[in-house]
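Structure incoming, see below.
The values are calculated or read from the model by the stated rules, or taken from the named source; none is laboratory data. Predicted, not measured: the structure shown is a model, and the values here were computed from it. Counting neighbours? That spans all protein chains shown, and the Cβs are built from the backbone with ideal geometry, glycine included.
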Amino acid sequence: MKPLILFFVFLLTVFQSAGQDGFNYDESKVPQFKLTDPLVFPGGRKVRSVKSWERRRKPQIFNLFEDQMFGKIPAGLKITHFRVLEESTETPYKNAKRKQVEMILEKEGKELRILMLIYLPVNVPSAPVFLGYNFHGNHSVTTDVEVKISESWCNNNPSLGIINNQLTEQSRGVESGRWPIQMILDAGYGVATIFYGDVDPDRDDFTDGVHPFAYRENQSRPLPNEWGSIAAWAWGLSQAMNYLEKDPGVDPSRVILIGHSRLGKTALWAGAIDSRFAMIISNDSGCGGAALSRRKFGETVKRINTSFPHWYCTNFKAYNDNEENLPFDQHELIALLAPRPVYIASAQEDLWADPRGEYLSGFYATPVYHLFGKNGLESPVPPSVNQPVMNQIGYHIRTGKHDITEYDWTQYIQFADRHLLKK
Ligand code: GTR
């Protein structure tokens, strides 16, 4: 390449990974802030036992996140039937079995169809499974020609073969680098994935996806404290769990949630609403995920609510330029997962997601893990690059940009081996 072109490519890489103009990337400009304490009741009394955490304090914090950030998921809304569309051992992978399951929500003549793709290791009778959404269709995670193409709306991306908001054959395998399926199977784990747009297309439109299935008469969008898109995606993961619990090839006590970026935010909330998930992985989830909002480092609450007005509930907009008044911060989202193993991962060049703020959430959630006799992130200082910590709260910051890589997966498998296989 010519030097000038190389220079522009360099500039582009810097902008993409470091984030956007007009936002703070300077540690010395992070404001002083005081965090809410997960182990103190509003009146000032301390939480001293697991029982008082579980019965009283945890529900208080959960209700605040639900009411002020993610929005309430309508009670009782459930997938009405699961249909195994096909299963086969003819796949591009060794010792693997593929299953494609349709999850159907039928209500008053309307239908929502969500496709789940599952690969299980044939040599493990009842396998632990990583469950996570993909960005560009189930067929994007693999070169397997049998994997069906979703017809749901997707953001255009001609270079990935997404044209007229439809996924195409051209997008087959485009995300396979993010899903090292053979490596996961070889480690004795299964993998289950769903295109997130099947549950709710990622756009500011509440007439599509699952939301309309819960509307009362004349309602056309959720109320200020009702579910945004992230909560809808979290709902979808619980529905997938309802299927996985019944699949004899799956060990339902070892289903691990995994998500990258906006889907990492989703994995954290899905873990908080559904205690059946044994372990939760947040890969570069950033603002509104693992990163502390009060640091205002990289992406801010106002920015996320403006670029993605549909992700959180309307009530969350009250905290635009007003992080100090949040009745919680993201360390308490991590605390809601205690005592289950949770892994938070960052990338060195992903300043937009605030790696340090992601680490600190785990650090400030740690007293809740201590209550259960578990270690979390014990040091206020994050570890060096590529030096994972694997206590009940795990963390690494790897070299490179905002992405999910084989390095990340290698740590997740090791973390799962350590915390789930010892049973
Ligand atoms: C960005 C957004 C982040 C993150 C990311 C992604 O544009 O600002 O919060 O979620 O998208 O999901 O890839």
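Which is within 16 Å of the ligand (Cβ to nearest atom) and buried (at least 24 other Cβ atoms within 10 Å of the Cβ), of Y312, Y319?
That would be Y312, the only listed residue that is within 16 Å of the ligand (Cβ to nearest atom) and buried (at least 24 other Cβ atoms within 10 Å of the Cβ).
Filter the stretch 283-304 for residues that are more than 7 Å from the ligand (Cβ to nearest atom), touching a His at 6+ places or on another chain (Cβ under 9 Å) and at positive phi and give the result.
Within the stretch 283-304, D284 is the sole residue that qualifies.
With the structure loaded, tell me whether E358 is acidic (D, E) and part of a helix (DSSP H, G or I) or whether it fails that test.
So E358 passes the test.
Related question: For the stretch 107-120, what are the residues that are surrounded by fewer than 23 Cβ atoms within 10 Å (Cβ to Cβ), touching a residue at least 24 places away in the same chain (Cβ under 8 Å), more than 22 Å from E169 (Cβ to Cβ) and out of contact with any Pro (no Cβ under 8 Å at 6 or more places or on another chain)?
K107, L112
Might you check whether a residue that is in a loop (DSSP other than H, G, I, E, B) and either of a type in the set (S, T, N, Q) or within 13 Å of the chain's Cα centre (by Cα) (or both) occurs anywhere in the stretch 301-309?
There is no residue in the stretch 301-309 that is in a loop (DSSP other than H, G, I, E, B) and either of a type in the set (S, T, N, Q) or within 13 Å of the chain's Cα centre (by Cα) (or both).
So, one more: Is the stretch 91-106 home to any residue that is loosely packed, with under 15 Cβ neighbours inside 10 Å and outside any loop (DSSP other than H, G, I, E, B)?
Looking for residues that are loosely packed, with under 15 Cβ neighbours inside 10 Å and outside any loop (DSSP other than H, G, I, E, B), one finds at least one in the stretch 91-106, hence yes.
Surrounded by 15 or more Cβ atoms within 10 Å (Cβ to Cβ) and either at pLDDT 95 or above or touching a Phe, Trp or Tyr at 6+ places or on another chain (Cβ under 7 Å) (or both): does that describe P31?
Answer is no for this residue.
Could you go through the stretch 124-145 and let me know if any residue there is crowded, with 17+ Cβ neighbours inside 10 Å, of a type in the set (D, E, K, R) and closer than 30 Å to M183 by Cα.
yes
Let me ask something else. Say we look at the stretch 226-265 and pick out the residues that are touching a Pro at 6+ places or on another chain (Cβ under 8 Å) and assigned to a helix (DSSP H, G or I); which of these is nearest to I118 (Cα to Cα)?
L244
Of the residues that sit in the stretch 390-423 and are under 19 Å from the mean Cα position of the chain (by Cα) and among the basic types (K, R), which one is surrounded by the most Cβ atoms within 10 Å (Cβ to Cβ)?
R398
Okay, next question. Under 9 Å by Cβ, and 6 or more places apart or on different chains, what pairs join a residue from the stretch 280-295 that is under 13 Å from E323 (Cα atoms) and touching a residue at least 12 places away in the same chain (Cβ under 8 Å) with one that is of a type in the set (G, A, S) and within 8 Å of the ligand (Cβ to nearest atom)?
Listed pairs, sorted by first residue: C287/A353; A291/S285; A291/A353.
Y189 - would you say it is of a type outside the set (V, I, T), in contact with a strand residue (DSSP E or B) (Cβ under 6 Å, 6 or more places away or on another chain), buried (at least 18 other Cβ atoms within 10 Å of the Cβ) and over 26 Å from V124 (Cα atoms)?
Details: of a type outside the set (V, I, T): yes; in contact with a strand residue (DSSP E or B) (Cβ under 6 Å, 6 or more places away or on another chain): yes; buried (at least 18 other Cβ atoms within 10 Å of the Cβ): yes; over 26 Å from V124 (Cα atoms): no.
Answer is no for this residue.
Given the criteria within 16 Å of the ligand (Cβ to nearest atom) and assigned to a strand (DSSP E or B), does G197 qualify?
no
Give me the pairs, please: first residue somewhere in the stretch 251-267 and away from the ligand (no atom under 14 Å from the Cβ), second residue anywhere and of a type in the set (D, E), beta-carbon distance under 7 Å, and either six or more positions apart or on two chains.
That search, which allows pairs on different chains as well, returns P252/E245.
Could you list all residues from the stretch 89-135 that are acidic (D, E), under 30 Å from H211 (Cα atoms) and at pLDDT 95 or above?
Correct list: E102, E106, E111.
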